[in-house]
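The values are calculated or read from the model by the stated rules, or taken from the named source; none is laboratory data. Note that the structure is a prediction, hence the values are computed from the model and not measured. As a convention, Cβ positions derive from the backbone with ideal geometry for all residues, glycine included, and neighbour counts pool all protein chains shown. Protein only, heavy atoms only, side chains kept; ligands, DNA and RNA dropped before computing areas. Shrake-Rupley method; radii C 1.70, N 1.55, O 1.52, S 1.80 Å.
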Amino acid sequence: MLRAVPGAASRSADRRCLLLLWACVTLACGGPRPASPPDILWIVLDAAAASELGLFGGEGPTPHLERFAEEAVVFERAYAQGPQTTLSVSSFLTGRYPPSAWVERRLRGPTLAEHLRDGGYGTVGFSENPWVFEGFGFARGFSEFTIGEVPNAVGFGADQTLRYAAERILEERDHPLLTYIHLLPPHSPYHPPA
């Protein structure tokens, strides 16, 4: 398992995040290319505390994530750029701080999905969070962006979303693929420390 651990200084961590974003965009849009660009799977667990997940030593069982992490890049420290979903998501999709990424309830600036799409990637997104939708600009750069209930699913939840996303990923095999999956379940119930 590869682990990316930013330094303690916030400014240093911000620079490393921007450097990582720049490296991803550079690989996707220019410069020397590897024989086959990697697929990118980006999973967001909305409002999930890493300390609660087994992957990070918590009590919550996460055997599938632990198995996946053995061959993936795992970020052990990630910091929300704002106290609500729209601020944080706008920041990590653009690589900018919320004041310049989220203006008048709209995503501003180019997104990672746009850069990767322009560099030859397929881009698909799936969001269970009703605040992460095309009306606020979050679908920009995605050829497909599914919000809420997935087509033909009975009920609503991570199982259906992940199943549908897996089917779509398997269909998109003629080019490298960015898949963004935003899951919502950790909100119910949400008990922050006192």
### Query
What number of residues within region 95-107 satisfy the criterion of being buried (at least 16 other Cβ atoms within 10 Å of the Cβ) and in a loop (DSSP other than H, G, I, E, B)?
2
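Here is a yes/no grid of residues against (1) modelled with pLDDT under 90; (2) under 19 Å from Asp39 (Cα atoms); (3) not in a helix (DSSP H, G or I):
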| position | (1), (2), (3) |
| --- | --- |
| Ala113 | no, yes, no |
| Phe142 | no, yes, yes |
| Glu149 | yes, no, yes |
| Ala165 | yes, yes, no |
#### Entry: Single unsatisfied condition, Glu59 versus (1) in contact with a Pro (Cβ under 8 Å, 6 or more places away or on another chain); (2) over 22 Å from Arg163 (Cα atoms)
(1)
### Query
If you check every pair at least six apart or on different chains, which have Cβ atoms under 7 Å apart with a residue in region 42-53 that is within 8 Å of His182 (Cα to Cα) and open to solvent by 40 Å² or more (accessible area, probe 1.4 Å) first and a residue that is modelled with pLDDT under 85 and outside any strand (DSSP E or B) second?
Leu45/Pro186
### Whichever residue in region 126-140 is part of a loop (DSSP other than H, G, I, E, B) and open to solvent by 40 Å² or more (accessible area, probe 1.4 Å) and, among such residues, is modelled with the highest pLDDT
Arg140
### Task
Considering only residues that are part of a loop (DSSP other than H, G, I, E, B) and among the hydrophobic types (A, V, I, L, M, F, W, C), look in region 167-194 and name the one that is modelled with the lowest pLDDT.
Ala194
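Here's the yes/no breakdown for (1) in contact with a Pro (Cβ under 9 Å, 6 or more places away or on another chain); (2) in a loop (DSSP other than H, G, I, E, B); (3) touching a residue at least 12 places away in the same chain (Cβ under 8 Å):
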{"position": "Ala80", "(1), (2), (3)": "no, yes, no"}
{"position": "Ser90", "(1), (2), (3)": "yes, no, yes"}
{"position": "Leu93", "(1), (2), (3)": "no, no, yes"}
{"position": "Leu116", "(1), (2), (3)": "yes, no, yes"}
{"position": "Val124", "(1), (2), (3)": "no, no, yes"}
### Query
Would you pick out the residues in region 73-87 that are out of contact with any Phe, Trp or Tyr (no Cβ under 8 Å at 6 or more places or on another chain) and more than 19 Å from Pro130 (Cα to Cα)?
Val73, Val74, Phe75, Arg77, Ala78, Tyr79
### Summary
Residue hits (region 101-151; among the charged types (D, E, K, R) and more than 19 Å from Gln84 (Cα to Cα)) are Glu114, Arg117, Asp118, Arg140, Glu144, Glu149
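Does Leu65 fit the bill of being in contact (Cβ under 8 Å) with a residue 24 or more places away in the chain, in contact with a helix residue (DSSP H, G or I) (Cβ under 6 Å, 6 or more places away or on another chain) and in a helix (DSSP H, G or I)?
Numbers: in contact (Cβ under 8 Å) with a residue 24 or more places away in the chain: no; in contact with a helix residue (DSSP H, G or I) (Cβ under 6 Å, 6 or more places away or on another chain): yes; in a helix (DSSP H, G or I): yes.
So Leu65 does not fit the description; no.
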